[in-house]
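Undergrad: Let me begin by handing over the structure; questions about it come next.
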Amino acid sequence: MEGIDHRIVRANGIKMHIAEKGQGSVVLFLHVFPELWHYWRHQIRALSSLGYHAVAPDLRGFGDTEAPTSITNYTYDHIVNDLFALIDSLSVEQVFLVAHDWGAIMGWYLCLFKPERVKAFVCLSVPFMPRCPQMKPMDRIRGEIEAEIAELGTANVLKTIFSIRKPGPPYFPQGNAFGIRTDASISLPSWLSEEGLTYYVTKFDQKGVTRGLNYYQAID
């Protein structure tokens, strides 16, 4: 993370943490659940070295950005307006947008609602999926997951997310949100360092992961 700058901006009534580096045209990176700005650290360095202003926020509910408690504060409308306000705070008219998974979903809606603010969009993993008048998004996704489980005979973590969509206490409260002991010896994949694991565990232990799950909760 050395050489990457961090600051808090006001965006759509919340305090949003952003990581940034470089000068020039803005490339805005949007992460997925359960990630943080940290996911884009290598791209921030690479793009900034090529003459771009690379910016990656912690989205609403994640990391060092504020996390409203109500599920109703995590709709597409809220997130898109967060991003709209963030772009304004950068004093630019347009951004190059790069987004992954849930970030990509929000990226599509930013393009739909505020097309004049996006110069180009690089979408990773999730194509644009128009809403179906005959079926709520959660029902459609639940059906797809149940079909996958029936075919593969394996459980999916999302099944739990979609089957317990009820207001109430956090599923994963603050404090040891992942059940991971950071002092334990575990085998890490090549792309995840001890430093990276510690960073993620520390940040999610501060808030838990319920706010991130609210993106699913509010999808309808």
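Undergrad: Would you pick out the residues in region 87-110 that are under 16 Å from the mean Cα position of the chain (by Cα) and part of a strand (DSSP E or B)?
TA: Residues satisfying the conditions are Leu97, Val98, Ala99, His100.
Undergrad: A further question follows. Quick one: what pairs do we get from region 59-70, first residue polar (S, T, N, Q), second at pLDDT 95 or above and assigned to a loop (DSSP other than H, G, I, E, B), C-beta under 8 Å, 6+ apart or different chains?
TA: Taking only residues 6 or more apart or on different chains, the pairs are Thr65/Asp58; Thr65/Leu59.
Undergrad: Oh, and also: If I go through region 64-86 residue by residue, how many of them are outside any helix (DSSP H, G or I) and of a type in the set (A, V, I, L, M)?
TA: 1
Undergrad: Could you list, in sequence order, the residues of region 44-98 that are touching an Asp or Glu at 6+ places or on another chain (Cβ under 6 Å) and within 20 Å of Lys21 (Cβ to Cβ)?
TA: Val55, Asp58, Asp64, Thr65
Undergrad: Now for a separate question. Are there helices (runs of 4 or more DSSP H) fully within region 123-220 with at least 3 residues that are at pLDDT 80 or above and over 28 Å from Leu112 (Cβ atoms)? List them.
TA: Because the criterion is at least 3 residues that are at pLDDT 80 or above and over 28 Å from Leu112 (Cβ atoms), the helices (runs of 4 or more DSSP H) in region 123-220 that meet it are 194-207.
Undergrad: For region 27-63, give me each residue that is outside any loop (DSSP other than H, G, I, E, B) and among the aromatic types (Phe, Trp, Tyr).
TA: Phe29, Trp37, Tyr39, Trp40
Undergrad: Scan region 21-37 for residues that are under 18 Å from the mean Cα position of the chain (by Cα), modelled with pLDDT of 95 or more and surrounded by fewer than 22 Cβ atoms within 10 Å (Cβ to Cβ) and report the count.
TA: Total meeting the criteria: 0.
The values are calculated or read from the model by the stated rules, or taken from the named source; none is laboratory data. Everything numeric in this text was worked out from a predicted model, so none of it was measured. Every residue, glycine among them, receives a Cβ derived from its backbone with ideal geometry; neighbour counts consider all protein chains shown.
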